[in-house]
Amino acid sequence: MIHMFKLIVVICTILFGQSALASTVSNIDDLISMYDSSQCRYCHDDIAPSWEHSSHSRSVINTNVINAVNSTIARSAKNESRSTIKKCFSCHAPQVSSASDSLIDHIAELIIIVGNDNDNGKNNTAQDKLSQLSLNCRICHMMKGVPDNIAKANIIWGPGWDKHEHSHFEEYGFDTLKSDYLTSAQFCKSCHKGYEHQFPGSEKIIAQVKCVKNDAAAKNCQDCHIDIDHSFSKAKPPVK
């Protein structure tokens, strides 16, 4: 039974892995499936809990995000609403690059429901769908792991070396390739930009894409903000 389940996962993974790079879908369940990374936890069960408690796992279902996007689309024309979703979700849910205009309109409707509707049933349903569009393993290790989002079908980008990682390749149909970009500050900066407005004096950090600690040792974002188990810390940037 277990082997049959894994076979189904392999088939779905290969199919969705290829389609995720080329297709445009109009159904939110198809979009969720296209970027589903639930199979990753079968082996990476030491990392999954840390991700689940991180802000990345709630990149859409976040009060500030919902309120900001909701207030913008509520007073915009439909085409402007689509532009807002595409702009905000390019970081908060990059999956929308595979969504049709009609699906983007539907996502906007779900955000409005979460932001305004007092019907708990409708609200919970909308939240559940939106929560499944959060940043996950596929987004960082397949879609965002190389500069300019130049993704390749069935390639996992990792910080290690180029090789056939047997469990990835034989069981799930993925090759594992090294990406120095994935461990660079530029990778984080592709979304985490604009902090100079929140933390006075941090302009140089953004410009240099470096974090300089008190000992003057230059480090990448990951050195302070992410551990090997993907525990995303909230280390504060240095103050002048």
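What follows draws every value from the coordinates through simple rules; no lab data is involved. For clarity, every value in this text was computed on a predicted model and none was experimentally measured. Note that each Cβ is placed from the backbone with ideal geometry, even for glycine, and that neighbours are counted across all protein chains shown.
Key figures
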read-out: Sequence of R75, R82 once ranked by neighbouring C-beta atoms within 10 Å, starting from the fewest; value: R75, R82
read-out: Stretchable slack from D30 to K152, in nm (0.36 nm times residue separation minus alpha-carbon distance); value: 42.0 nm
read-out: Pairs beyond 27 Å (Cα-Cα), from K122/K144; K86/K193; K86/K152; value: K122/K144
read-out: For I156, distant residues with modelled amide H under 5 Å away; value: D175, T176, L177
read-out: In order through the stretch 24-41: 3J(HN,Hα) via Karplus (6.51 cos²θ - 1.76 cosθ + 1.60), integer Hz, x for Gly, Pro; value: 10, 10, 10, 10, 5, 5, 5, 5, 4, 5, 4, 10, 5, 10, 4, 5, 5, 5
